[in-house]
Structures are given as structure tokens and as C-alpha cells.
Amino acid sequence: MKILVTGAAGYIGSHACLELLKAGHDVTGFDNFSNSSPESIERVKKLAGKPMRLESLDLRDPDGLDALVAEGFDAVMHFAGLKAVGESVEKPDLYHDNNVIGTHHLLAAMEKTDCRRMVFSSSCTVYGSVQKNPVDERHPRGAVNPYGKTKLDVEDMCYELAADDKRWKIALLRYFNPVGAHESGLIGEDPKGLPNNLMPFVMQTAVGRREFVNVWGGDYPTHDGTGVRDYIHVTDLALGHVAALEKLDEFKGAQAVNLGAGRGYSVLELIAASAKAAGKAIPHKIMARRPGDSAAIWADAALAKKKLGWEVTRGLDDMCADAWRWQKNNPEGYAPAS
């Protein structure tokens, strides 16, 4: 199939592009490079041994989207979006404009060219304050920050669109905490500035770029007092997106599917596994809880196995070993070593 990937050069987008190419698909990607590097796609092409086109384009450019989408695609895999929770609180209008209005432009461009098949990168943030674990797709939705609200709004947009026009096939993939890197160590997570997510902060500390890891909260009602999350290897996640793409014809309108490991690990367990992978202690400090953080959340991933034939195959040790290989080989990320 001929696939258009938005946010192609980002962390998850680049891994998805690699798996799409390996599966034999014809891939065109675009990115505005606000939190990514075109170098990731150069490495994807090297790993796949296949060509791939990458354009510089922003979701907020409807004319540019119209021109690109008009070239004709069988489906769109939509990763593009701003994703920092803290920044979303400071700049909610920017997040709405980029993530929600931008997706509206994308869907409008798709409709004009009769392309009505999409895999959307949603998030477990749409579950808001967790009422019970494991979380399945029927759990009530809610947003506890502006970033989460954008994911909710895009899901609702897709539900409404598919209800009005039965030709739409949309997979809303609600994934949990992606970590790790490709096993080659050539592509991985390279956040610009201070990392928002735990794993890159842990790895940057291990490689000497950070002094210590902030552990937000040590008094949660969990087995070691730190927050518990469902971590999923980014390659497993990318394969989940490919599985959804190849099953899109079986979707009835817009449907949500969790992508997760189905079990949780605490912050201290992740730090310990990372220290084992790096062969060194990783200093950390217990800090006060952050507002809005839940004690624990992990997925019920039964629907993904039933509907997509997908489940995780990589555990915590694999996630940490691959993340460390990436960070050790690329201490400054995609930037040349200083």
C-alpha cells in the first residue's frame, strides 16, 4: 500500500516508517521538525535498505496538505502533534491549533481525494483519572490537561466523521508508555531540551548529560511508593500500528484499541533495570508528587490481540538494553557529538 505518515521523523513515527518499509509498503512522510530530525529518516532508509520520501510540512498548512495528499494514498498513519503535558498547560491554544485544527485540515484534505482510511496515534491520557486497572477501551474518558484534551477532541472528531460517512475506517490506537529504541541503536528517542518522559531522562543521566533523575512521588499506594506505568517497547508499538493498518478494512467506522503490555512497572523498577543495562548506578532523588499524576495505570490489551492479532514480545530488560544502546551510541542524540 501507499502510505502517508505524518510526524514521520519523530520517535514513534520513525520506528513506524521502518516497520512499514520492512512490511513492503510504499512510504511518504512529512514532519515540521519542531521536535525531530531528518537524520532519523536517513537512518531508517539505511536500516530498511529501501527508499522513502520525506517532506517538510506543517499540519497548520492546509494548502500544503491538500497538495501532498492529492498525490493519492491508500491510508494515512497520523503521528504529528505536540505532546509535552507541561507545555500544553502553558500554551493550550497552541496545542489546540496544532493538534486539533491541524488534524481537521488533514482529514479535510483526505476527504477531497477519497482517502478515508487512517491509523491515529491516540493515547492512554484520554482515560483521565483512572478508576480501575487494568484499563480497557470501555473505561470512561476524560482529560486532566490540555494535551489530553486534544487527543479526546481528535477522537471525537473521528467518531463524528465516521458516523456521518460510513466509508471511513479509522483505528484510534490508545497506547501507553513507549520506551526503548530500535535494536540496532541507530534510531531512538531524541527529545529537544529537557526530556518530558522518564526513560530519556534516565538514559541521559546514565550517559552523564543529567546529574540525577527526579522521581516524582515516593508515597503512592504502590509496592515501592513510586508510580506504576505500562511500558511498551517502541518497536512493538510500531508493529501494532502496522497490524492496525493491515486490519483497517475490518474496522467499523472509528474504533479504539489499547496498545500496551498489560502489566505495570514502577519508576524505581525501571531505573534499576536501566542501571543493569548500563552497568552503572543511576542517581535519583525522590521529589514531591506532581499534580495530576495517577498512582498506577496499565492496559487491558485483550482487544488488540483479538482484533489485530498483536501483542508485545519485548520485556523491560529489552526496553532498557535497547534504550541504553541508542543513548551510548548517540550521547547527543541525532546531533553530531560535541
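Laid out as a table, the results:
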{"item": "Inter-site label distance for A302 and K46 at 7 Å from Cα along Cβ, in nm", "result": "4.5 nm"}
{"item": "With eigenvalues of the C-alpha gyration tensor scaled by 5 and rooted, the chain, Å", "result": "30, 23, 19"}
{"item": "Amide H contacts under 5 Å for R210, placed H, 5+ residues apart", "result": "T205"}
{"item": "Bins of 5 Å, starting at 0 and running to the largest distance - Cα pair percent for region 174-231", "result": "4, 15, 21, 24, 21, 10, 5, 1"}
{"item": "Span-rule helices in the chain, defined as complete DSSP H runs reaching 15 Å or more along the axis (Cα) with Kyte mean at least 0.0", "result": "11-22, 234-246, 267-278"}
{"item": "Ellipsoid equivalent to region 113-252 - semi-axes via the Cα gyration tensor, in Å", "result": "31, 20, 14"}
{"item": "Net charge dipole size for region 1-52 [Lys, Arg +1 and Asp, Glu -1 on Cβ; Debye, nearest 20]", "result": "180 debye"}
{"item": "Other-chain or far-sequence residues with amide H under 5 Å of L82's (modelled H)", "result": "N99"}
{"item": "Relative contact order (%) - the chain, alpha-carbon pairs under 8 angstrom, separation at least six", "result": "19 percent"}
{"item": "Cα gyration tensor category, rounded, prolate or oblate, for region 112-186 with a/c compared to 1.5", "result": "oblate"}
{"item": "Cα gyration tensor shape of region 195-338, rounded if a/c is under 1.5, else prolate or oblate by comparing a/b with b/c", "result": "oblate"}
{"item": "Distance-filtered residues of region 33-54 - backbone nitrogen under 18 Å, label point 7 angstrom along E87 Cα→Cβ", "result": "33-40"}
{"item": "Where the Cα pairs of region 79-127 fall when distances are cut into 5 Å bins, in %", "result": "5, 18, 24, 24, 15, 9, 5, 1"}
{"item": "Size of charge dipole - region 72-205 - debye, nearest 20, with Cβ of Lys, Arg +1 and Asp, Glu -1, no other charges", "result": "260 debye"}
{"item": "Rough spin-label spacing in nm, given labels placed 7 Å along Cα→Cβ, for D66 and N196", "result": "3.1 nm"}
{"item": "Whole-Å distance, taken between Cα centres, linking region 205-280 and region 10-50", "result": "21 Å"}
{"item": "Among A275, A243, A261 - extreme Cα towards positive end, dipole of region 171-305, charges at beta-carbon", "result": "A275"}
{"item": "Charge context of Q255, other residues only, Cβ under 10 angstrom, K/R +1, D/E -1", "result": "+1"}
{"item": "Separation of the K132 and A163 label points, Cα + 7 Å toward Cβ, nm", "result": "2.6 nm"}
{"item": "Signed unit charges on C-beta, dipole axis of the chain, positive-most listed residue H78, G309, L65", "result": "G309"}
{"item": "Entries in K149/K306; K151/K247; K46/K151; K132/K307; K151/K328; K91/K252 that, when Cα-Cα distance is taken, lie over 25 Å", "result": "K149/K306; K46/K151; K151/K328; K91/K252"}
{"item": "Rg/Rg_ref, region 1-125, where Rg_ref = 2.2 N^0.38 Å and atoms are Cα", "result": "1.02"}
{"item": "Proximal lysines to K285, defined as alpha-carbon separation beneath 22 angstrom and excluding residues fewer than eight positions away on the same chain", "result": "K276"}
{"item": "Contour excess over end-to-end distance, with Cα ends at R53 and A108 and 0.36 nm allotted per residue", "result": "17.6 nm"}
{"item": "Other-chain or far-sequence residues with amide H under 5 Å of A256's (modelled H)", "result": "L172"}
{"item": "Cα-centre dipole for the chain with unit charges at Cβ (Lys and Arg positive, Asp and Glu negative), debye to 20", "result": "780 debye"}
{"item": "Karplus 3J(HN,Hα) series, Hz, for region 115-132 with 6.51 cos²θ - 1.76 cosθ + 1.60 (x for Gly, Pro)", "result": "9, 10, 10, 8, 10, 9, 7, 8, 7, 5, 4, 5, 7, x, 6, 6, 8, 7"}
{"item": "Candidate aspartates and glutamates - alpha carbon under 19 Å from K192, same-chain residues fewer than 8 apart omitted", "result": "D31, E39, E42, D58, E87, E90, E211, E332"}
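Taken together, the values in this text are just the output of simple stated rules run on the coordinates, not laboratory data. All values reported here derive from a predicted model rather than from experimental measurement. Heads up, the Cβs are rebuilt from the backbone with ideal geometry, glycines too, and the neighbour counts pull from every protein chain shown.
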